[in-house]
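These notes concern the structure reproduced below.
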Amino acid sequence: MADSLFLGIESSCDDSSVALLAEDGTLVRLLSQAHLEALQPFGGVMPEVVSREHGRVLPLLLAEICRDLDFSRLKAVAFTAGPGLPGSLLIGSHCARTLSLVKKIPLLPIHHLEGHLLAYELEHPPLPYPYVALIVSGGHTQLVMVRAPFSYEIIGKTRDDAAGEAYDKVAKILGFAYPGGPALANLADHGQDLKLLTRPLTQDKTNLDMSFSGLKTQARTIWESFDGKKEDFCASVQAAINDTLVLKLQRCLEQFPEIQGIDLCGGVACNKDLRKKVEALCTESQRRWACASPKFCADNAAMIAISGLRHWQLDGPALKRDIDGCRSVWPLDSQD
Ligand code: KG4
Ligand code: ZN
């Protein structure tokens, strides 16, 4: 049994990724390819372009990871069934289905955000329940209460742009190539927060929702007449986004004192300043916190494989979600 393996496949947005995970949670292999080069001429995600890239690259990654694989050890194929770009999801779904049919291996359709939420378990022991997950990625920003395995309640979310989207949009205004979030953050680390920007939607202390679309407009207006250092401008943007996220987390702890820990996840969780601030909040409030290494925070198939493994451990191959192809729209709290 210790020799059993789980295959993960991720293709919801602009990363093609496959992973092999052992049943004890040890990552055997992770192969990923981001399609940033193909997207550069467009300055953002073009669904048609990324679908073609997944169609070209994913079979090659699969062939590589399956080379010399003893298929009798493979217990299940976990793949991202949604949410995400329909064309991209379908490529991953078809690869998973084909393998499952040919090799007669059960399929585990996985929710992409559950993947982000469980990614930390690739490296850390599970957090005690209940815990709150702050999912911050390019497409999503949500506060999720986790009271038991696979029980998700969305207690706050962005009303418009996701935090990663806000980073990328401001980065674009500053002239960084897509996705500019990491470049903006790198420069921000050498600057100072000049408190140029407001912390959006933080007046009402009970509201856990967020809004980042106004921040981008405010940043553009300020940038047009800003004559200070670019590093300081970046630090001010970073602080406005991160302070807002951390303030929402703090209010979460006040409203739900039973929360035992914080799970920081999604691509924006790579941000060093955000990690530091969440850690400080947890130290101060005596809560546990967990966050995966950057390579597991961004979209990757290892997080899909660990989610598949966790479902398998609880339900065996019984996770028969009625998914015909994929679900591009799929709220995390409607996990049927
Ligand atoms: O989770 P992810 O890889 O893909 C989605 O599911 O969206 O997140 C990608 C997002 C992008 O918006 C990217 O700019 C942002 O995460 N990101 C960062 C950093 N690293 C990645 N944002 C701020 N600081 C970073 N260091
Ligand atoms: Zn993601």
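The values are calculated or read from the model by the stated rules, or taken from the named source; none is laboratory data. Given the structure is predicted, the values throughout are model-derived calculations rather than measurements. Quick reminder, even Gly has a Cβ in these numbers, built from the backbone with ideal geometry, and neighbours come from all protein chains shown.
Observations
- Candidates A188, A148, filtered to the one that is at pLDDT 95 or above and either closer than 16 Å to G266 by Cβ or in contact with a Cys (Cβ under 9 Å, 6 or more places away or on another chain) (or both): A188
- Any helices (runs of 4 or more DSSP H) falling wholly within region 201-307 and containing at least 3 residues that are more than 14 Å from ligand 1 (Cβ to nearest atom) and closer than 17 Å to D168 by Cα: 213-224, 230-255
- Residues being more than 16 Å from ligand 1 (Cβ to nearest atom), assigned to a strand (DSSP E or B), aliphatic (A, V, I, L, M) and farther than 25 Å from G325 by Cβ - total across region 100-142: 1
- Residues of region 255-286 classified as of a type outside the set (G, A, S), free of Cβ contacts under 8 Å to residues at least 24 places away in the same chain and at negative phi, total: 7
- In region 69-99, the residue that is nearest to D324 (Cα to Cα) out of those that are in a helix (DSSP H, G or I) and among the aliphatic types (A, V, I, L, M) is L90.
- Selection status of G181, closer than 30 Å to F256 by Cβ and in contact with a Phe, Trp or Tyr (Cβ under 8 Å, 6 or more places away or on another chain): yes
- Of the residues making up region 238-276, those that are surrounded by fewer than 17 Cβ atoms within 10 Å (Cβ to Cβ) and among the basic types (K, R) are K272, K276.
- Residue ID - nearest to the chain's Cα centre (by Cα), chosen from residues in region 116-164 that are polar (S, T, N, Q) and under 19 Å from A292 (Cα atoms): S137
- Long-range neighbours under 9 Å by Cβ, at least six apart or interchain, first residue closer than 12 Å to L274 by Cβ and free of Cβ contacts under 8 Å to residues at least 40 places away in the same chain within region 232-249, second within 12 Å of ligand 1 (Cβ to nearest atom) and acidic (D, E): N242/D273
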